[in-house]
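Trainee: Supplied in structure tokens, the structure appears directly below.
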Amino acid sequence: MGHAALKGAGAHGPGGTVLVRGGRVRDPYSRLPHPLPTAVWNFPRTSEHHLPLQIGETVHILQASEGKGVQQPWPDPTLSPGIFPASLIHLKGAVVERRGAEESVIPTEMPMVQEITTTLREWATIWKQLYVVRTRERYRQVKQMMYELMERRSQLLSGTLPKDELLQLKKEVTSKIDYGNKILALDLVVRDEDENILDPDRTSIISLFQAHKKAAQTITQRIQEETRPQQSALGCSTRLAASPSHSLYLCMRNFVCNIGEEAQLLMALYDPGEHENYVIRWASTGVPQDIEMLNNLKAVFTDLGSKDLKRERLFLVCQIIRVGRMDLRETYSRKLSTGLRRPFGISGENRVCHGCQEETPYHEANVPRSVPAGFWVSLKMLWGDLSQVRKDHPHLVDRSTGDVRNDIYLTLVQGEFDKGNKKTQKNVEVTVCVCDESGSVVQNVIYHGAGDKPASEYRSVVYYQQRHQRWMETVKIAVPIEDVHKTHLRFTFRHRSSSDSKDKSERIFSMAFVKLMRPDGTTLRDGEHDLVLYKGDSRKMEDASAYLTLTSTRNLSEPKLLSGSSFRVSGGTSGLTVSARDSFQISTLVCSTKLTQNVNLLGLLKWRSKPSLLSGNLQKLMNVDGGEVIKFLQDTLDALFSIMMENSDTDVYDTLVFDALVFIVGLVADKKFQHFNTVLEAYIRQHFSATLAYKKLISVLTQYVDHASQGEPCEPLMRTFKALEYIFKFIVRSRHLFAQQEKPGVTFLPARHPSVCLSWACSKAGTVQAGLISLQGAALKYLPSILEDVFGIFDSSALGPVPPCLSAPTECRELLLQTAVPILQELIEKGEEEDACIELLSNILEVLYKAQKHIQLILERLLHTVNRRVIVLDRENSLITLGGHCGRAQLLTSPPPWQDFLMEIFILFKDLIGKTVYPSDWMVMNMVQNREFLHAINQFATTLTQMFLSNSSFELQLWNNYFHLAVAFLTQDSLQLENFSQAKRNSILAKYGDMRATIGASIRDMWYNLGELQCGQQCGGLASLCTLAFISTVPKMGAGERDFAGFEDEILRKLDSEVEGGRGDEQYKQLFESILLSCCRRHPELAKPGENFVALVTGLLERLLDYRAVMNDENKTYSMSCTVNLLNFYKEIDRQAMYIRYLYKLKDLHVSYENYTEGAYTLLLHARLLKWSDEANTAPMQGLHSPSLHTQRQLKEALYNQIIDYFDKGKMWEEAIHICKELAEQYESEVFDYEMLSDILREAKFYEKILKVLRPSPDYFAVGYYGQGFPTFLRNKIFIYRGKEYERREDFEMRLLSPFPNAEKLKSTSPPGEDITSSPGQYIQCFTVQPVEEAKVRFKDRSIPEQITNFYKANHVQKFSYSRPFKKGPKDPDNEFATMWIERTTFVTAYPLPGILRWFAVTSTTTTIISPLENAIETMMKTNEKIMSEINRHQNDPSLPVNPLSMLLNGIVDPAVMGGFAKYETAFFQESYLQEHPEDEGNIEKLKDLIAWQTPLLAEGIRIHGRKVTEDLRPFHERMEQCFVQLRAKVESQYGVREMVSARVVTMLETGKCCGGEHWLQATTLSLPSPLLAGPAPLSHPHSPPPQTLLSHLPSPLPP
């Protein structure tokens, strides 16, 4: 991979910048390691030179530079440059592979890591969607699974896992991925045994199908286990049954207990039998005595049977044994005995096999309450026997562990001891040792437990002063096999005292013993033994010669003496006596592959000692327990073959040995012992050495076969056939050994030793004899198991009667196919035994796939039959899955009649495509099937062209079926890649390509091949070829075919549904336009209508593509815009049906967002299309109410009622009243339905709502979308948006920016320059605008409640203004009003707001400059209007709070608050200003008049305020009155007195006409009482100058 000046791209600091330029520089290498730069942070494009990055994207670094990354010219103009900070990328290992002209970058991570990465990216998209749609439960579930996958990915990348844990981790990962894909409706992933994704190119279709089926079943079972706990237990039971023995892994995490002395922790699995302890010696300091074992205390409990784990409870028990003083409470004031093993505490867990599928922590401890304690362990079940565990978990099991064992487990059960001459019961300690015949202690043969060193003796736990003591302590005795017969166990009993001096004086008071070998040579039997206790001199009790001749155990028949009896039985001359008052019981369990407790088996193993009993022992072997034989499998087999070889000169024992061998093989075949198959095979390979055994085995086998051939009963032959596989393994192995010994390199058996059973079975296969049927069946059933061994040892000349097919697989397969295929054909045609036929045919196809032979025979005989059968079957039938597996008909050399065959194939393929044989999530299976279909269709197209194209052989229906099949293939859902996620789309394109392009090219070629026959095809009904047919048909249209109307309707309807369904893109639009224009322009008579048609279609395509791009967005704002564009387009081209269709789509969008006002206006467009008549509805009806509405009147009435409801919800009651009036007119004057009339008069409640219900005026916002990054319907356009109730601009902006996360918000409100509008980025400008109310003639010169007028100020508005202040001229720091100019921009929208959208595009803008004086006049007018509005509100509703009025009045009358109008006087009323601006004289007088008119308004406001103010605010009111008196005196003295004398004046004040001259105020008599004139009449100034008519001369701030 070459780079242009690459400077350590991976070593840049945060300030470094990498200059990345698009393009590839190819090297001559086909495979070259190279780092793969990957983005680890998002990087938005804020400059045209930036390269935007998303996390996980990979880049190609061609140049790196330090510093600011100065833009430099690049020699290749076709490459687009882009820069980004180097700190945002991470260099991963990768390999660049070159295949021809293509290069691909492949990460060097393990495939499982790559799969996790791809899966996480795909899940992340869906996860976000789940959050958006508020699917909380599934959202949390996916989140948890993603976290787990990320954790597993980190573990895989660490590279520190041992082999077994790595395999287990892979299984967990694949299981989780498959489960997640299933619940998220993603594609099924099929894998092989090693959890690698299956490659479909290297797998047969049958195997691929079976893998899909198995994977689907596994995932379904997993889901059931997730949803039903009992299913999980069932799955556990399945694993238990898979292997007869299992293991439990234990790891001790910590033990916390303040004992103060050393301790022993004995952990064991508690069950009714004996169990070995895991011993941990704990120091008094709170850590293990062997400090190196800290954090490494692990053990594996092996040989757990399935029955053990199926128990309801299996306990893990930890006994805590304290080693030290007798009593912890004793102090060290006197010398105490130490080293005593005393019970301290116990801990247990009974969920051992139910909660240990993974390493699960437990902690619990039961100790004295005064001692805080904790005990922590982790458990994990290891499935399989020890060999499997050693293979799967090599780091957990000692590799030196072998299969040879010679262990005896001894359990001290209980004892009862008389206190004798002591006052209290004894503190008994039992000491166990192993002694030889002389009484010497055998050293280091006793194991206290696993994890502990061997010892020479074992001391039991001491219980304090108890007569009946129950120990249940187990130790392991491991005596060498050669010493077992001369060793025995000796138990001595001693009283232990807490005082050290007394304890040393105590002597052994009793002893017991038991021999490990019984007199008959068998080992001590398993079970409990009641030992005889002897008393006497302590030296005698340790003298073996004194007690070995005595009885060691009590017989069960002996009655026990009463505990109070002092009767003693003499032990003879040994000096020892039996203690009848004391008792002691032990239990033993022999686990040995060398020691047996069975006399018959022992007799066989030691047959040389008593040869006369050999025949009897061989016969008795059949009665020995199978488990005992299996334990001594190798020794038993050695004994049998020794007997055979040492008696080679006679055949006396041959039959017995043969039968014994068959018996043993039968045991191994038993399900109970099937895991010993490997042991038996290992014995044959490694230990078996009888070179001449094959002769005797074949001799006995021949004898049995001969007897059966002669009709004699031969019961052993049936058992022999079942064991035939291993019998022949012994024969073959023996022959190999013999050949190696005699003639190295020669292994074939000579002709004098033919395989008689093979010969007999094959020769007798055709004869049916009543007594031989079962034997023949058994022979044929078990013969295949020996063929592999037979071919390796028998010369072909020796297999005379055996058919040659057994020794030549190819010929054998051909013979079998010639026999089986006709039977299959007959059964499939009849529809019989379909399941068996499917299984057999699948197996045949699987074998033929591997062999790549004899496929011709299958195609010739079965393809035609299978095709016909599949066509008539349902989708669920299994035979359908084989329909696509025989599709490669190019192999046919002698097919059936071509026309019928092709017709059937076309119908079959189209049927299979339409039925979607496989589930949609079987992506690999579907794509492989499509690939096979495509290959076959192209082959058939060649045949079709060659044989059925000429005029004489042309078959219209055959060609028609081909085109229907090709179009069905092209349009099937599984090939519409644009509907898939990006990851899935990339995967399909990389593996299979876009098959639509291939089949599309084939359709085009086949269409052109038709030539002059196309017109006949068109008339034949190829409507589904829509575009393709049109492209080729336009040049051939005759004069009568130039009417485009019908075709236009069809193409528009089809395009609408197809593009909305996901087909087509910008490239398709351009291609469509160019091809059709070129076709039309070649024919002058078609040029004009053709161009019009192309313009129509491309316009529609553009709007449809815009609509599809945003239809699935979370924010439906832009979906509504595109919907309006579409319905306007359909309205312009007069396609009413499509227009109405999109009207209702728009309505549904509005209602889903509670935009009821806009929804009402949308429905109103449909209602305006209808008449008040009884004509039938012609346009397609939409909505739930349509089916029962047959006339236009009925539909229009239903629409009006729904519109009224929407207007009511949207608080647009004025609009609802208009609709009610129109309905009332119809009910009253047209249909005379007074009942409905009375109902529609509910409009009265709307009038009430207008006056009484609070209705906040919405804010309006101007929004500009600048930059080439926006869609065309937004790009460089300004829109006016109608905000929601109480919506702040900040909230609106957040909602506005959410669909464009990369957009930048412009801070300036000035129109942007070309650098912004032409940039590739996205820039949004947003600011608040004010609606400009249109003058209402009916409100002129009238006093109207503000609830009514406010509605028209914010609704039915098409003009909006935005005032931007700016400074001009020299600044006056004391008075900003003197230089405050206003730039007022007026926006005109395409339609009034509100309308069918909450926003409309701006169609025109005008800008006006307002001078400071004009701005002051506007401000004063607005202030006066605001005072008048507050006065009106309080007069109409006395209950209103007074606070808003207080703040308004105080801000005007108190100069300290707002400065009043003194700033205006300073700025504009000076002589200097008038001299500089003589043209403003009229405006100055206007401003003075407005100031003068503010005084009576303030007076009325203060009067109302004084009437409503509370006593607490009375001082505030009085202060305000004082300020007003001063203000009033000043104003009236300078600007004159004004009086309000009528309601008309109030209106004139509101409209600003009181200052225009034509409405000069005079005192007149009121015709109507005015609420403003209550109270004292305002004074009139006698010398008030008449106001000048200057307002009309002002430049209007708004366009006319």
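Trainee: Considering only Ala1390, Asn1443, Met1420, whose Cα is most displaced toward the positive end of the charge dipole of the stretch 1363-1481, charges sitting on Cβ of Lys, Arg (+1) and Asp, Glu (-1)?
Mentor: Positive-end residue among those listed: Ala1390.
Trainee: So, R0 is 60 Å and r is the distance between the beta-carbons of Gln825 and Asn295; what FRET efficiency does that work out to, to 0.05?
Mentor: On the way: r = 70 Å, r/R0 = 1.17.
The formula returns an efficiency of 0.30 here.
Trainee: Once you charge only the Cβ atoms, +1 for Lys and Arg and -1 for Asp and Glu, what is the size of the charge dipole of the stretch 169-214 about its Cα centre, to the nearest 20 debye? Before the final figure, lay out each step's value.
Mentor: Working: 8 positive and 9 negative charges, 43 e Å.
For this selection, approximately 200 debye.
Trainee: Additional query: Could you compute how much accessible surface Trp1007 exposes when probed at 1.4 Å, giving the result in Å² to the nearest 10?
Mentor: About 10 Å², ignoring ligands and nucleic acids.
Trainee: Give me the accessible area per residue for the stretch 1240-1398, probe 1.4 Å, as a whole number in Å².
Mentor: Numbers: 8420 Å² over 159 residues.
Heavy-atom accessible area per residue stands at 53 Å².
Trainee: Under a plain spin-label model, where a point goes 7 Å from the Cα along Cα-to-Cβ, how far apart in nm are Lys1307 and Asn254?
Mentor: Roughly 5.4 nm, to one decimal.
Trainee: Let me ask something else about it. Gain in length, Leu1440 to Gln740, computed as 0.36 nm per residue apart minus the alpha-carbon separation, to one decimal in nm?
Mentor: Length gained between Leu1440 and Gln740: 240.1 nm.
Trainee: Are there chymotrypsin sites (Phe, Trp or Tyr not before Pro) in the stretch 1487-1544 that DSSP marks as loop and that have at most 16 other Cβ atoms within 10 Å, and which are they?
Mentor: Working: sites: Trp1493, Phe1516, Phe1524, Tyr1535; in loops: none.
Sites meeting the loop and neighbour criteria: none at all.
Trainee: My understanding is that a pair violates if its Cα-Cα distance is over 26 Å; which of Lys1277/Lys1371; Lys426/Lys535; Lys453/Lys540; Lys1069/Lys1147; Lys915/Lys1145; Lys1368/Lys1422 do that in this structure?
Mentor: Lys1277/Lys1371; Lys453/Lys540; Lys1069/Lys1147; Lys915/Lys1145
Trainee: Another one. Quick check: residue separation of Ala124 and Glu1532 times 0.36 nm, minus the Cα distance between them. What number comes out in nm?
Mentor: 499.4 nm
Trainee: Calculate one ³J(HN,Hα) per residue across the stretch 191-205 by plugging θ = phi - 60° into the Karplus curve 6.51 cos²θ - 1.76 cosθ + 1.60, and present them in order as whole Hz with x for glycine and proline.
Mentor: Computed from phi, the couplings for the stretch 191-205 are 9, 8, 5, 8, 6, 8, 5, 6, 8, x, 6, 10, 10, 5, 5 Hz.
Trainee: Using θ = phi - 60° and the Karplus form 6.51 cos²θ - 1.76 cosθ + 1.60, what ³J(HN,Hα) does each residue of the stretch 450-459 get, whole Hz, x for Gly and Pro?
Mentor: Listing the rounded values in order: 5, x, 10, 6, x, 10, 8, 8, 10, 10 Hz.
Trainee: Of the listed peptides 1220-1233, 956-969, 521-534, what is their order by residue-averaged count of other C-beta atoms within 10 Å, with the highest listed first?
Mentor: 956-969, 521-534, 1220-1233
Trainee: With a 1.4 Å probe and all protein chains in place, put Glu137, Glu1304 in order of accessible area, largest first.
Mentor: Descending accessible area places them as Glu137, Glu1304.
Trainee: Calculate one ³J(HN,Hα) per residue across the stretch 972-981 by plugging θ = phi - 60° into the Karplus curve 6.51 cos²θ - 1.76 cosθ + 1.60, and present them in order as whole Hz with x for glycine and proline.
Mentor: 5, 4, 6, 10, 7, 5, 5, 7, 9, 5
Trainee: A further question on this structure: Between beta-carbons, use under 14 Å as the cut-off and find the net charge around Lys335, counting Lys and Arg +1, Asp and Glu -1.
Mentor: Values: positive: Arg325, Arg334, Lys502, Lys504; negative: Glu330, Asp500, Asp503.
Result for the neighbourhood of Lys335: +1.
Trainee: For the stretch 147-221, which whole percent of the accessible surface, found with a 1.4 angstrom probe, sits on carbon and sulfur atoms?
Mentor: On the way: 1900 of 3930 Å².
The nonpolar share, carbon plus sulfur, comes to 48 percent.
Trainee: Please work out the FRET efficiency for the pair Leu1254 and Arg134, using the Cβ-Cβ distance as r and a Förster radius of 35 Å; give the result to the nearest 0.05.
Mentor: Using R0 = 35 Å, I get an efficiency of 0.65.
Trainee: Once you list every other residue whose beta carbon is under 12 Å from the beta carbon of Gln1435, what net charge do they have if Lys and Arg are +1 and Asp and Glu are -1?
Mentor: Numbers: positive: Arg1433, Arg1503, Arg1507, Lys1508; negative: Glu1346, Glu1430, Asp1437, Glu1500.
After counting each charged neighbour, the total is 0.
Trainee: At 0.36 nm per residue, and after removing the present C-alpha to C-alpha distance, how many nm does the segment from Asp1512 to Lys502 gain when stretched out fully? Walk me through the numbers before you get to the answer.
Mentor: Details: separation 1010, 0.36 × 1010 = 363.60 nm, distance 9.90 nm.
That pair, Asp1512 and Lys502, stretches by 353.7 nm at full extension.
The values are calculated or read from the model by the stated rules, or taken from the named source; none is laboratory data. Just so it is clear, the structure is predicted and the values come from calculations on it, not from any experiment. All Cβ positions, even for glycine, are placed from backbone atoms using ideal geometry, and neighbour counts span all protein chains on display. In case anyone asks, the SASA skips ligands and DNA or RNA and just uses the protein heavy atoms, side chains included. Shrake-Rupley method; radii C 1.70, N 1.55, O 1.52, S 1.80 Å.
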